[in-house]
Amino acid sequence: MMQLVGRPQVIAVPSNEVAAGDHARLLSSYFQSYRIRNFSPKTIEKEKRFLESWFQEHGNPLFTWQAMEPVTGRKRVVDYANTLLEAGIRSDTVRSYLGTLRRYFSYVLEYPFVAANPIRRIQDIYGAIDQPVTEYDRPRHVYNGEKLGIPLDPERLYDFFAILRDHYLDGGREAMRARNYTLAILAGESGLRADE
């Protein structure tokens, strides 16, 4: 039996200008998905600023597929997380930053296409990619109520509810007042955050 041995496939790496355009298009399509999913402009702008500055700070600039290189990409993320923790950044902030990176890289793995003519996969042009941010690299979410303390003791909480009832929920329709007062009690008694 005769085996045909071909030449190994050589990937011709595009110029920096073309690569920068491909990287920008990936980011743009990611944020377009945010708009489609009805994220607020404030959230989109916050994540966009973070991602653009992260890629700028970690290379000259660093491109998406370089950050996602197998092994090397994960090492870069672990080093970044360690640098943040050593600088005294709170673990929930580190978790948030790494979560932003993880969401972006997950999107790219799901839609790994660059706008070339014809449209091709990132792997075909720039090489293999992998998710560099694993759950094992992110600090665990922990309840930090013990650190922050309880804002009001139970007696002061009841005083707060009385002030709300007598002064701030006064006026308007009775059903609206009852609803607002109930929401305040529910939030106060259960410890819900304002956005929950």
>> Using a 7 Å offset from the Cα along the Cα-to-Cβ direction at both N38 and L183, what is the distance between the two label points in nm, to one decimal?
In response: 1.8
> Which value, in Å² rounded to 10, gives the accessible area of H58 with a 1.4 Å probe and all protein chains present?
Replying inline: 60
> Packing-wise, with mean Cβ within 10 Å as the measure, how do 88-95, 130-137 rank, highest first?
Replying inline: 130-137, 88-95
> N60 versus S28, label points 7 Å from Cα toward the beta carbon: distance in nm?
Replying inline: 2.6
> So for Y111, Y104, Y181, Y80, what's the accessible-area order with a 1.4 Å probe, most first?
Replying inline: Y111, Y181, Y80, Y104
> For segment 61-141, which whole-number percentage of the solvent-accessible area (1.4 Å probe, protein heavy atoms only) is attributable to carbon and sulfur atoms?
Replying inline: 50
>> Test of understanding: what is the full-extension gain from T100 to L164, defined as 0.36 nm times their sequence separation minus their Cα-Cα distance?
In response: 19.3 nm
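The values are calculated or read from the model by the stated rules, or taken from the named source; none is laboratory data. This is a predicted model, so every value here is computed, not measured. With ideal geometry, Cβ positions are generated from the backbone for all residues, glycine too; neighbour counts draw on all protein chains shown. Quick note on the areas: whole protein, heavy atoms, side chains included, nothing else; ligands and nucleic acids left out. Shrake-Rupley method; radii C 1.70, N 1.55, O 1.52, S 1.80 Å.
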